[in-house]
Each structure stands twice: as C-alpha cells, then as structure tokens.
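Scroll down for the structure; my scribbles are underneath it.
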Amino acid sequence: MLLEHAQVQSLMQAWPRSLVLEAARAAQRWARTLVERGDSALGLDLLAERIQAYLLLADHERLRPVINATGIVLHTGLGRAVLPGTAAHALSCLDRCCNLQIDLDTGQRGKRNFMTERLLCRLTGAEAALVVNNNAAATLLILSSLCKGMDVVISRGQLIEIGGSYRLPDCIQQSGALMVEVGTTNKTHLRDYERVISENTAALLRVNPSNYRIVGFSHQVSTRELATLKEKYPVLIIDDLGCGAMVDLSQYGLPKEPTAMDSLAEGADLVCFSGDKLLGGPQAGIIVGRSDLIGRMRKHPLTRMLRVGKLTDMALEQTLRLFLEPERLVERHPTLKMLTLSAKEVKRRASRLKRRLDKENVALEIRVLYEQSAVGGGAMPDSPLPTFVLAIHSRTSSPDELARRLRYADPPVITRIKDNEVFLDLRTVLEDEEDALGQVLLELCSE
Ligand SMILES: *Cc1c(COP(=O)(O)O)cnc(C)c1O
C-alpha cells in the first residue's frame, strides 16, 4: 500500500529499489513506535515524506567533497592532503585500463610502482624506494623484514602515539622486533644508544616527533650523530620522518622540517614517511634508502599484503612529478599553496566574502578576526600560521547548531568553534569553492 503511494513510486524511479525499501521499513518502524507511545496512526503522506527524508539523509552522508573551513591544512578527518589537480585528473582517467604492471617495451609482466619509485629516487637521492599503504605499514614492514627477533633501540622521547590508534611500541611488537628504550622522556644522549648496542642489535630507530614537542631542558640525538655509531657497530639507522617534507619548507618562510634527502645525506640507511602529509599526495607509506635493504624488504611476504593499488600509484606519481618543476610547485600543489598563503591574502579573501554577505543583509553578525591556522597531520605542532577568519554569530542559533547546519549544507562546510563563535578560515578553502561557500551562507540565512 505504502509502496503504491505516488511519492514512493517516484522515489523508486530516482533511487535504487533496495534503498527505498530499506527506508520504507525504517519509516514504518518509526511510525510503530509513535503508535505504541499512544499517538494516532500516521497517514501515508507523512510516511512517504519520512522515506524521502531517510533517503536524503543517507545520500548526504555519502563519501563526498566538503569545504574545509577549519584552517587545518592537513585535516585527518577530511582526508589529509588535498590532491593536486594533476593527480585528481589522472584518477578520473581510470575508467579504463592502465599499464600498472606491464612493460610497454616488451609486453611482459612489468614492475608495479616502477615510475613512482624512480621519481622518489630522483627527488630524494636514494638508491631505491618502496611504496606501501601508509607510514604505519612502512614502519611495520621495515621492522618485520629487517629486525625480527632482534633489538631495535629507540629514545624514550620518541615513543609516539598518533591519533587513531597508532602507537609505535605496538608496531614494534607486531613486527617481532624487540624494543629497547634508552634515555629519558626529555633527554637522550648518544652514549645512551651506544651503551645498549650488542650483537643482537639490528637498528637504531629515530622518530620525528611530528605531532608534539618536548621543549625546555631537552635533547635528542640527530641522525648525523647516530650515524657515527655505524663506524663501530653493524647497526642500521632507520629514520621515521612522519610528515615527510619533500622540499625544504624554510625557502617559503615556513619552519624547517627534515626532508628525506637530508636524512639520507646524514647517514640514515632507510627513511620512511607518509604520502598524504607534507608531500601532499594520496595516503601511502614511502620508504627510501639502501637498495640492498629495500631488495630484502621486497621479498618479505608483508610487502604483497601492504602494497598499494593503481589509484594510489597514479596519484602519487603525479604528485611527485610536480616536484620536478620547483618554480611552478606552489601554484600547483594545494598543500604548499595553503601553507604559504599570507595572512594578508587570507584577510583579503575573508573581507571579500564578508562584503558579499553584508550586501545581502544576512541575519548573521560577521567579523573578520586575526587568528591562527594549524598545519595539522602532526606537522609543525608548535608553528601555527597567522590567519584571518570570518567569525560568525547567529542571533537565532547557537554556535553548535550553526556549525551543524553548515555541515548539512550542500556542499557540507566544516568549521571550527571557538569562544562561542563559528570560525571560517579561508586558508583551507579552495578559491573555486569560495562562491559555493558564499551561497551556502546566504541560503542558511534565508531558511
Ligand atoms: C603520521 C605519522 C605516522 C603514521 O603515518 P600514516 O601514514 O598515517 O600511517 C607514523 N609516524 C610518524 C612520526 C608520523 O608523523
């Protein structure tokens, strides 16, 4: 009966039948609870409305583009790095076959990730490179294939936890390597490492404290210093860079983050980092370093289990290609572009949006305020970027309600709440999203 209703019939035209049936069952359950509570039975029209509402809600929650107005450049909840246009475009060409694993010269089986790994070697100066699913996988693979059953030495100041259940001690344990902690929380010296090195020591693991800082009375041993121990002992130096900058960010006026190239030059045997943090590409774990070690890793069964698919390989290759043209990099690399945007430029964009809203007499109080953006993704936790935000105050809704309504807009807009105001930071809003953002705010007020 309900399914024969005209509105439900037209929903069946627009949506997969199975989804409409599921929504209809949910609507009936809802109606039943109302009746049990003593309300009178609902009419079919109301039930049909409810079905439509369920369908729209489910559709709203699909994996989809959203506007990042949080000012957090590498926002893990929003997919970390925004892919460069060239990478995204390459993905849209995957509605057909690609030469993932075939040698175009011989027609024989080729090497996966061949071009990506070649680019990585070229850009970092490494002998060899290997790409896996993420940096956690990269760390697990390095330790499992090269350090199993042996000691891995790590400073107590570097036993990190990254949001979302990644803890380095767990990773070491999973790999079958034995963790040997040295030093103290705030200070670790070269002699602390040297004291515990034995025949059973496979590696000294250094971890870039990407998402925290130990300040004040503190000391950690540099890769260069650690590498001096290789002259006396047959140990590997492994450097987990985490956020992994591909270029020296200080040339753009940003704080210096260690690059893979620096770390290898300082004597690391293997360096690993994420693909979707400062590198600005897709989720991936990148390992660069000595070819004999990477050759051993390739033979380990985990390598097959942790390998990346063609989407990742395609997007990563295109992201890396941008670094071949440093002079055009910032304009084509969204992460670098957002990071290097001056506060003045953000202010100009924020003011422009405010003028547009003021002109329409919207029922919102809007101010342009000096604030701070965060790099996010664990990178540069102590270096917020000066910015300007639109601080929005609604006379009719609380900040939480306003932020929620913005998330329900089309496209959804993700904001930050501070001091009882909703903040929109245009640093992380792409230029071609500004118009849509203005439209969302206008519609919000006319509701
Ligand atoms: C981010 C990070 C990780 C985890 O990387 P994923 O790519 O998210 O798996 C591991 N170690 C460090 C130091 C990091 O900064």
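The values are calculated or read from the model by the stated rules, or taken from the named source; none is laboratory data. All values reported here derive from a predicted model rather than from experimental measurement. Note that we place each Cβ from the backbone using ideal geometry, even for glycine, and neighbour counts take in every protein chain shown.
From SER383, SER373, SER394, which residue is within 16 Å of the ligand (Cβ to nearest atom) and of a type in the set (Ser, Thr, Tyr)?
Values: SER373 fails: within 16 Å of the ligand (Cβ to nearest atom); SER394 fails: within 16 Å of the ligand (Cβ to nearest atom).
Answer to the selection: SER383.
Rundown of residues vs (1) within 12 Å of the ligand (Cβ to nearest atom); (2) acidic (Asp, Glu); (3) without any contact (Cβ under 8 Å) to a residue 60 or more places away in the chain; (4) farther than 21 Å from LEU316 by Cβ, yes/no style:
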residue: VAL196; (1), (2), (3), (4): no, no, yes, yes
residue: LEU241; (1), (2), (3), (4): yes, no, yes, no
residue: LEU264; (1), (2), (3), (4): no, no, no, no
residue: CYS272; (1), (2), (3), (4): yes, no, no, no
residue: GLY275; (1), (2), (3), (4): yes, no, no, no
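For the criterion of being crowded, with 19+ Cβ neighbours inside 10 Å, within 15 Å of the ligand (Cβ to nearest atom) and either under 28 Å from CYS98 (Cβ atoms) or of a type in the set (Gly, Ala, Ser) (or both), VAL308 passes.
One residue alone among SER175, SER155 is crowded, with 20+ Cβ neighbours inside 10 Å, more than 21 Å from CYS243 (Cβ to Cβ) and within 14 Å of the ligand (Cβ to nearest atom), and that residue is SER175. Tally up the residues in region 404-439 that are surrounded by 20 or more Cβ atoms within 10 Å (Cβ to Cβ) and in a helix (DSSP H, G or I), please. So the answer is 5. Among the residues of region 234-249, the ones that are of a type in the set (A, V, I, L, M), surrounded by fewer than 23 Cβ atoms within 10 Å (Cβ to Cβ) and over 14 Å from THR223 (Cβ atoms) come to 2 in all.
Report, by residue number, each residue of region 200-220 that is modelled with pLDDT of 95 or more and either in a loop (DSSP other than H, G, I, E, B) or more than 12 Å from the ligand (Cβ to nearest atom) (or both).
Step one: filter region 200-220 for residues modelled with pLDDT of 95 or more, giving 200-207.
The answer is ASN200, THR201, ALA202, ALA203, LEU204.
Counting the residues of region 173-199 that are basic (Lys, Arg) and under 19 Å from ALA136 (Cα atoms) gives 0.
Taking the condition in contact (Cβ under 8 Å) with a residue 60 or more places away in the chain, crowded, with 20+ Cβ neighbours inside 10 Å and either polar (S, T, N, Q) or more than 15 Å from the ligand (Cβ to nearest atom) (or both), does THR139 pass? Explain how you work it out, then say what you get.
Working: in contact (Cβ under 8 Å) with a residue 60 or more places away in the chain: yes; crowded, with 20+ Cβ neighbours inside 10 Å: yes; either polar (S, T, N, Q) or more than 15 Å from the ligand (Cβ to nearest atom) (or both): yes.
So THR139 passes the test.
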